[in-house]
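K.L.:
The structure is given below, and queries will be raised subsequently.
Values in this text are rule-based calculations from the coordinates and carry no lab data. Nothing here was measured: the structure is a model prediction, and the numbers come from that model. Cβ: placed from backbone, ideal geometry, glycine included. Neighbour counts: every protein chain shown.
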Amino acid sequence: MGDGFWFEQAATIPGHLGRTGVIHTPHGDIATPAFIVVGTQATVKGVLPRDVREAGAQAVLANAYHLYLQPGADLVDEAGGVARFMGWDGPTYTDSGGFQVLSQGAGFKKVLAMGTQGLTSDDVIAPGKDRLALVDDDGVNFRSYRDGSRHRFTPEISMRIQHQLGADIMFAFDECTTLMNTREYQERSLDRTYAWALRCLSEHKKLTDERVSKPYQGLFGVVQGAQYEDLRRKAARDLAEAEVDDQMFDGFGIGGALEKENLGTICAWVNEELPPDKPRHLLGISEPEDLFVAIEAGADTFDCVNPSRTARNGRVYTDAGKYNVDTLVNKRSFTPLDDDCDCYTCTHFTRAYLHHLTRAKELLLYTLMTIHNERYHIRLVDRIRASIEQGQFADFRDEFLGRYASGNR
Ligand SMILES: [Zn+2]
């Protein structure tokens, strides 16, 4: 791996692929498993970097597509990279923009755990709506969601943008398919994603050599293959062995269409094929029950917009299940959102106050709720990590899930 970037595995879950470890980056270490907070537009919506740090976040993930459109990757480069630009003094990730570009194609449904709760028009493009993205073997043409202007992403362009953004961990540009695509399409798409992966490695190597004064940025290959075991395993093996000019992937992302009930199975197929000495990121999950499944199956890091998106709608996560602070039962409830939580919101405010903020439509609601939900997810993954270190993963999982499932309302 590159200078200043490496992974070490520590404890394991006996009989499973799950493990603890440390991802070393030029901007700091990430103890895994870890929940990575999403800051799509170089901001975690509604909260200060100081709050994000205090909530225990180890790293923030921004989005190459959004930052390319606004303010432009060259501007972020001029500012010293995404971390410095947004005032975050820790490791950062950028995703390649592939998902955002391609999810503008028709009929796209986001990967997982998407009930109607928290779903927005960003996630689903209704059949018959105009396609904003068209894929060919060389790249993707798309129109900006902001002003309709025409753009093109290729593996080389995505790598250049991500080098300018300067995150510690970047993702290869891939084609993200849907569960609605045919098996034949998935096979063709996988060939295309593999060819793009090699082009990403080549461009990454070139840019790394050109930009010698910059800290090394790790590049993760993204494993696609939808719900097909043979395709997933082949994609993982091919990416694990991919090498261009002595450049290999520094880690891997598990992407694409996953149904909740297949999450653990698919993760295990992929992680059985991937080398244990490199980190694995699962894109786009956050529900507590999914985190346990993914970690047991060997995923090291996760990201999801869901904790902050649901927070802005008044949805509260606790060990005893989820609830809405907006409901009448909270109007005179002078207790914290979550009795077991140590976050700023839970140690300073009551449910009654948060309930008032929802009814008064006050902006502070976004800040306080986001602090709690992000802290909740970060701390849950921290507790899972501790349970693996102590050899008590299965006990912790069973106890947690029993209480969590019975309390959802
Ligand atoms: Zn809290």
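K.L.:
From the backbone phi of the stretch 357-370, what are the Karplus-calculated ³J(HN,Hα) couplings (6.51 cos²θ - 1.76 cosθ + 1.60, θ = phi - 60°) in whole Hz, Gly and Pro given as x?
P.N.:
Residue by residue, the stretch 357-370 yields 4, 5, 5, 7, 6, 8, 4, 4, 3, 4, 5, 5, 5, 5 Hz.
K.L.:
Could you count how many Lys pairs in the chain have their Cα atoms under 16 Å apart, skipping same-chain pairs fewer than 8 positions apart?
P.N.:
So the count of such lysine pairs works out to 6.
K.L.:
Tell me the label-point distance for the pair Arg146, Val329, using the 7 Å Cα-to-Cβ offset, in nm and rounded to one decimal.
P.N.:
With each label placed 7 Å out from Cα toward Cβ, I get 4.4 nm.
K.L.:
Just to be sure I understand: of the beta bridges DSSP finds with both ends in the stretch 6-304, what percent are antiparallel, rounded to 5? Intermediate values should be presented prior to the final figure.
P.N.:
Details: 19 of 44 bridges.
The antiparallel fraction comes to roughly 45 percent.
K.L.:
Something else about it: If we count every other residue with Cβ under 12 angstrom of Pro276's Cβ, Lys/Arg +1 and Asp/Glu -1, where does the sum land?
P.N.:
-2
K.L.:
222 nm [θ] for the chain, helices only, -39500 (n - 2.57) per DSSP H run of 4+, per residue, to 500?
P.N.:
After summing the helix terms and dividing by the residues of the chain, the value is -12000 deg cm²/dmol.
K.L.:
In addition: What nm distance separates the two modelled labels at Ala386 and Arg233, each placed 7 Å from Cα along Cα→Cβ?
P.N.:
3.9
K.L.:
Nearest 20 debye, what's the magnitude of the dipole of the chain about its Cα centre given +1 on Lys and Arg Cβ and -1 on Asp and Glu Cβ?
P.N.:
Once rounded to the nearest 20, the dipole reads 1700 debye.
K.L.:
Can you list the HN-Hα couplings for the stretch 150-158, worked out from phi with the Karplus curve (6.51, -1.76, 1.60; θ = phi - 60°), rounded to whole Hz and with x for Gly and Pro?
P.N.:
8, 9, 9, 10, 10, x, 5, 5, 4
K.L.:
Next up: Please list, in chain and number order, the residues 5+ apart from Gln247 or on another chain whose amide H is under 5 Å from its amide H, with Hs placed from the backbone.
P.N.:
Those qualifying (amide H under 5 Å, at least 5 residues apart or on another chain) number zero.
K.L.:
Another question, then. Calculate the translational D of the stretch 316-397 in whole µm² s⁻¹ from Stokes-Einstein, where the hydrodynamic radius comes from the Kirkwood formula applied to all Cα pairs, the temperature is 25 °C and the viscosity 0.890 mPa s.
P.N.:
181
K.L.:
What's the exposure ranking of Trp6, Trp196, going from fewest to most Cβ atoms within 10 Å?
P.N.:
Least to most surrounded, the residues fall as Trp6, Trp196.
K.L.:
Percent of Cα-Cα pairs per 20 Å bin, from 0 to the last occupied bin, for the chain, please list those.
P.N.:
28, 60, 12, 0
K.L.:
With just the Cα atoms defining each centre, how far is the stretch 267-317 from the stretch 175-244? Give it in Å.
P.N.:
19
K.L.:
How large is ³J(HN,Hα), in whole Hz, for each residue of the stretch 257-265 in order, when computed from phi with the Karplus curve 6.51 cos²θ - 1.76 cosθ + 1.60 and θ = phi - 60°, using x for Gly and Pro?
P.N.:
6, 9, 8, 3, 6, 9, 3, x, 4
K.L.:
For Leu354, Leu363, Leu75, what ranking results if the residue with the fewest other Cβ atoms within 10 Å of its Cβ goes first?
P.N.:
Least to most surrounded, the residues fall as Leu363, Leu75, Leu354.
K.L.:
Ok, one more. Near the amide H of Glu175, under 5 Å away, which other amide H atoms are found, from residues 5 or more places off or on another chain, if H is placed in the peptide plane?
P.N.:
Thr193
K.L.:
Before anything else, pin down the relative contact order of the chain: Cα pairs under 8 Å, at least 6 apart, normalised by residue count, whole percent.
P.N.:
This gives 18 percent for the chain.
K.L.:
Residues with amide H under 5 Å of Ala11's amide H, sequence separation 5 or more or different chain, H placed in the peptide plane at 1.01 Å from N; which?
P.N.:
Long-range HN contacts for Ala11: Thr20.
K.L.:
Now a separate question. All other residues with a Cβ under 10 Å from the Cβ of Ala297 taken together, and with Lys, Arg as +1 and Asp, Glu as -1, what is their net charge?
P.N.:
-1
K.L.:
So, in nm, how far is label Arg188 from label Glu241 when the simple model puts each one 7 Å beyond its Cα toward the Cβ?
P.N.:
About 2.6 nm separates the two model spin labels.
K.L.:
Using the Cα gyration tensor of the stretch 1-49, with a ≥ b ≥ c the square roots of its eigenvalues, what is the shape: rounded (a/c below 1.5), prolate (a/b larger than b/c) or oblate (neither)?
P.N.:
Oblate, since a/c reaches 1.5 and b/c is not below a/b.
K.L.:
I've got another one for you. Subtracting the Cα-Cα distance from 0.36 nm times the residue separation, let me have the gained length for Asn313 to Gln9 in nm, one decimal.
P.N.:
105.7 nm
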